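Here's the structure we're looking at; comments come further down.
The values are calculated or read from the model by the stated rules, or taken from the named source; none is laboratory data. The model shown is predicted, which means the values in this text are computed figures rather than measured ones. So basically every Cβ, Gly included, is an ideal-geometry build from the backbone, and we count neighbours across all protein chains shown. Note: areas computed on protein heavy atoms with side chains; ligands, DNA, RNA excluded. Shrake-Rupley method; radii C 1.70, N 1.55, O 1.52, S 1.80 Å.
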Amino acid sequence: MRLDLTHIQRWIVPGSRVLDLGCGNGEFLQLLRDQRQVRGTGIEIDPHEITSAIARGLNIVEQNLDRGLANFPDQSFDTVVLAHALQAVHFPDRVLDEMLRIGREGIVTFPNFGHWRCRLYLGTRGKMPVSRFMPYNWYDTPNIHFCTVKDFEALCEQKNIRILARDVVGNTERQPLLASTWPNLFATTAIYHITR
Amino acid sequence: MGIVEPRIARFDQPLPLACGRDLADYQLVYETYGELNEERSNAVLVCHALSGNHHAAGYHSAEDKKPGWWDECIGPGKPVDTDRFFVVSLNNIGGCHGSTGPTSINPRTGEPWGPDFPPLRARDWVNSQARLADYLGIDCWAAIVGGSLGGMQAMRWALEYPDRVRHCIVIAAAMKLSAQNLAFNEVARQAIMSDPDFADGHYQARGTVPARGLGLARMVGHITYLSDHAMASKFGRDLRSGSFEQGDEQNVEFQVQSYLRYQGSQFSGSFDANTYMLMTRALDYFDLAREYDNDPVAAFRHSSCSFLVISFSTDWRFSPERSREIVNALIAADRPVTYAEIEADEGHDAFLLPIPRYMDVFSAYMRRVGVRN
């Protein structure tokens, strides 16, 4: 299980309704169902991931986030999750609005482009960072909207989105203090619990 | 599935029909595959489409060339796994393969019903299927599965008998026909009616067969079941006879022409024209939400099962958009739904074919359908 997913579990109220945007193979929804009795729905476009998620007994709707979420009624879920997908959608700002229209609360995780390694890579080599964590070349990547911790918080402020909590995953689990003290430099993954 | 044998269930309790008449007594021909468990909780109902029948899987004899129409999906290890499920497949009333229909004798007149057979709607089929479930001792279906018109029956079940179905699988269907769908059905019926041998439906009494009209109806229908791409790759502009040489005044015949004519003549030899009229009208009438203030969300609130909805990318008869309407209504009604849109070149016919992703999704879903109540 990816670290950001184990982190956000505790923000999910047992027995609540969760919509997972870009749910992948449904690993997280299954965890929430089995450990928190959550009623979950997942949205995914990858055929193989969809089949895996169906096999887990989850309710999965094949739908492209970039074509909107208008088919989901207002405030029909307790929590809407967007884990590691914000940077891959065409209009991250609109997706955030939709998340908080459909759900009372949202949880967003994304790779922090402000991490010192990215800065060092770009600063010294003058090229877009490619690493184990971000393994794609700039011209062939699902990640079309990278942002930093600061960028995201600025967008939330501009949109009057309230940040209920922030959590970070650092480079190693041994230095959690660095990442939580200076997230924009040391967080590899940023995790936000948001509402309106 | 091996060799299978059709059975007949007779009913003498009148069946009230949506048209206001009763069907006094009637019979249903059906097949079953797999074993019913002791709790009678592993039964799956297969609803057939426009021209289908009870013979969905296996062979009737060792000499049979073709298996049942959905043999790809029903059998040991297949999506509807007969090692787990007890599968029931019937010919609907109004049909022409053994269940009471226009070719049956009207007990009042002693003559074939012909065009006087009462008009039917999907709900009539569902009600008769519920009687068959009673007859077989099945209180609740583990799943009801149907493609196209069969999917409409499955949805109607979910609304009419919510406590008698746990999973509803709706493949390449729609909540109602579009104007284009209605138009194609009308052309098909006009083709049948314009055949002098149809004789206003009384052909059986006169000893004629409206083969040309029914064949033409099937040709029109068949075009709508295939995609442009499927036809192009299957036939292209290949010639069966003649040539484009200048100086040659013989008409050419394209492969697609002879294929369609073959389909038409095959069909008209095995299907009844009055049944075709009746089935296409039932399709036309179907509107899932009509009795619920035309609100599909309100309609689906009456259901209490889980849904699997599947569509095919090149299906223009019941396009993915129609399936998404079903899915969106289920989402708005807060009902559990899984939806997959399968990339397939074959058009509407794809629901009958073993397309790998389709089989994967269908199998993965059916594996989670429990065999206990």
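Quick one: in the stretch A:52-64, of everything that is over 17 Å from B:Arg335 (Cβ atoms) and surrounded by fewer than 22 Cβ atoms within 10 Å (Cβ to Cβ), which residue is nearest to the other protein chains (Cβ to nearest Cβ)?
If we take residues in the stretch A:52-64 being over 17 Å from B:Arg335 (Cβ atoms) and surrounded by fewer than 22 Cβ atoms within 10 Å (Cβ to Cβ), then A:Ala55 is nearest to the other protein chains (Cβ to nearest Cβ).
Within the stretch A:158-178, which residues are over 18 Å from the mean Cα position of the chain (by Cα) and not basic (Lys, Arg)?
Within the stretch A:158-178, A:Gln158, A:Asn160, A:Thr172, A:Glu173, A:Gln175, A:Pro176, A:Leu177, A:Leu178 meet the criteria.
I need the full set of residues from the stretch B:262-291 which are among the hydroxyl-bearing types (Ser, Thr, Tyr), assigned to a helix (DSSP H, G or I) and free of Cβ contacts under 8 Å to residues at least 60 places away in the same chain, in order please.
B:Tyr262, B:Ser265, B:Ser268
Scanning the stretch A:31-51 for residues that are open to solvent by 50 Å² or more (accessible area, probe 1.4 Å) and more than 10 Å from chain B (Cβ to nearest Cβ), which turns out farthest from B:Glu325 (Cα to Cα)?
A:Gln35
Quick one: B:Asp81 ticks every box in (1) charged (D, E, K, R); (2) more than 16 Å from B:Cys47 (Cβ to Cβ); (3) open to solvent by less than 10 Å² (accessible area, probe 1.4 Å) except a single one, so which number is it?
(3)
Might you let me know whether the stretch A:90-111 holds any residue that is open to solvent by less than 40 Å² (accessible area, probe 1.4 Å), closer than 22 Å to B:Asp360 by Cβ, touching a Phe, Trp or Tyr at 6+ places or on another chain (Cβ under 8 Å) and modelled with pLDDT of 95 or more?
No, there is no match, as no residue in the stretch A:90-111 is open to solvent by less than 40 Å² (accessible area, probe 1.4 Å), closer than 22 Å to B:Asp360 by Cβ, touching a Phe, Trp or Tyr at 6+ places or on another chain (Cβ under 8 Å) and modelled with pLDDT of 95 or more.
Taking the conditions exactly as written (open to solvent by 40 Å² or more (accessible area, probe 1.4 Å) and touching a helix residue (DSSP H, G or I) at 6+ places or on another chain (Cβ under 7 Å)), does B:Arg335 satisfy them or not?
yes
Out of the stretch B:210-248, which residues are of a type outside the set (S, T, N, Q), touching a residue at least 60 places away in the same chain (Cβ under 8 Å) and not in a helix (DSSP H, G or I)?
If the condition is that a residue be of a type outside the set (S, T, N, Q), touching a residue at least 60 places away in the same chain (Cβ under 8 Å) and not in a helix (DSSP H, G or I), then B:Pro210, B:Leu226 are the ones that fit.
Just checking, which of B:Ser304, B:Ser319 is open to solvent by 10 Å² or more (accessible area, probe 1.4 Å), within 19 Å of the chain's Cα centre (by Cα) and more than 13 Å from chain A (Cβ to nearest Cβ)?
Of the residues listed, the single one that is open to solvent by 10 Å² or more (accessible area, probe 1.4 Å), within 19 Å of the chain's Cα centre (by Cα) and more than 13 Å from chain A (Cβ to nearest Cβ) is B:Ser319.
For the stretch B:309-316, state whether one or more residues are surrounded by 18 or more Cβ atoms within 10 Å (Cβ to Cβ), out of contact with any His (no Cβ under 9 Å at 6 or more places or on another chain) and not aliphatic (A, V, I, L, M).
yes
If the Cβ limit is 8 Å and pairs must be 6+ apart or interchain, which residue in the stretch B:347-373 that is more than 15 Å from B:Ile169 (Cβ to Cβ) and within 11 Å of chain A (Cβ to nearest Cβ) pairs with which residue that is among the charged types (D, E, K, R) and open to solvent by 30 Å² or more (accessible area, probe 1.4 Å)?
Short answer, once both residue conditions are applied: B:Arg357/B:Glu343.
Mind checking which residues of the stretch A:127-141 are open to solvent by 60 Å² or more (accessible area, probe 1.4 Å), modelled with pLDDT of 90 or more and part of a loop (DSSP other than H, G, I, E, B)?
Once the filter is applied, which keeps residues that are open to solvent by 60 Å² or more (accessible area, probe 1.4 Å), modelled with pLDDT of 90 or more and part of a loop (DSSP other than H, G, I, E, B), the stretch A:127-141 yields A:Lys127, A:Met128, A:Tyr136, A:Trp138, A:Tyr139.
Any idea which of (1) farther than 19 Å from B:Arg324 by Cα; (2) surrounded by fewer than 17 Cβ atoms within 10 Å (Cβ to Cβ); (3) more than 11 Å from chain B (Cβ to nearest Cβ) is the one A:Asp78 doesn't satisfy?
The failed condition is (2).
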